[in-house]
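Have a look at the structure below before the remarks.
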Amino acid sequence: MAPKKTVELSELEAIELEYKRMQIDRMREEMGERQEKKERLTRDRERQALDFKKSESERLRRQSICKHRKGGRNNNFAKGSDANYSINQNTYPNGDMCISCTRCGKEVWKPRPELRKTNRELYNAMWAEWQKWLEYPTDNSPSGSKIFEVIPAA
């Protein structure tokens with residue numbers, strides 16, 4: 001086995017070598033911190049997506065059991081007993097119309113005419129639901145008005 005060579009460094013070279021080692025250590029720490037931050041952000045995004053899915057399923061569940069009626073006692077909003085429905089019709093400035101339940105937040109949009117040409121089945125389903133919700137009796141007055149019309153280029 002060959003003997004190990006020892007190299008004598010001047011004080012300046014030793015300081016410079018130590019400085020470079022410290023820089024390497026600092027860069028490794030920064031890279032580790034950056035990797036931890038990426039992993040933490042990834043976990044946060046996954047948790048947020050899971051929370052969103054849970055809240056979305058809960059919202060849909062609440063909407064499915066809601067009777068959309070006024071009345072009900074003891075904070076039992078889903079079991080409204082009034083003859084009137086707790087719905088509002090709103091017309092947006094561009095002419096889009098929406099009927100929404102003020103209790104569960106369900107929205108029923110009037111289908112746009114161009115949807116009839118692109119997806120007839122979806123249009124028919126949306127139109128049937130829109131007509132059903134239009135027939136619900138309510139003492140709420142519609143809100144909004146059409147201010148402008150967007151006409152797509154032919």
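Assorted remarks:
- Reachable lysines, given that their alpha-carbon falls under 25 Å from the alpha-carbon of Lys20 and they are not under 8 places away in the same chain: Lys4, Lys5
- Pairs beyond 27 Å (Cα-Cα), from Lys70/Lys117; Lys54/Lys79; Lys79/Lys132; Lys67/Lys117; Lys79/Lys106; Lys70/Lys110: Lys70/Lys117; Lys67/Lys117
- Placing +1 on each Lys and Arg Cβ and -1 on each Asp and Glu Cβ, with no other charges, gives the chain a dipole about its Cα centre of roughly 1100 debye.
- Taking the convex hull of the alpha carbon positions in region 12-65 and averaging its projected area over all directions gives 3.4 nm².
- Taking 0.36 nm per residue of sequence separation and removing the Cα-Cα distance, the Glu18/Tyr92 pair yields an extension gain of 19.8 nm.
- 37 °C / 0.692 mPa s Stokes-Einstein diffusion coefficient of the chain, Kirkwood radius on C-alpha pairs, µm²/s: 149
- What the phi angles of region 61-72 give under the Karplus curve with 6.51, -1.76 and 1.60, with θ = phi - 60°, is a coupling list of 5, 4, 5, 6, 9, 6, 8, 6, 10, 6, x, x Hz, glycine and proline written as x.
- Distant-in-sequence amide H partners of Asp82 (H built 1.01 Å from N, under 5 Å): Lys70, Gly71, Gly72
- Within region 1-69, GluC sites (Glu not before Pro) in DSSP loop having at most 16 other beta-carbon neighbours inside 10 Å: Glu8
- Projecting the Cα atoms of Leu50, Tyr85, Trp109 onto the charge dipole of the chain, computed from C-beta unit charges around the Cα centre, puts Tyr85 farthest toward the positive end.
We did not get these values from a lab; they are worked out from the coordinates using the rules stated. Since this is a predicted model, take the numbers as computed values, not measurements. Neighbour counts run over all protein chains shown; Cβ positions are idealised from the backbone, glycine included.
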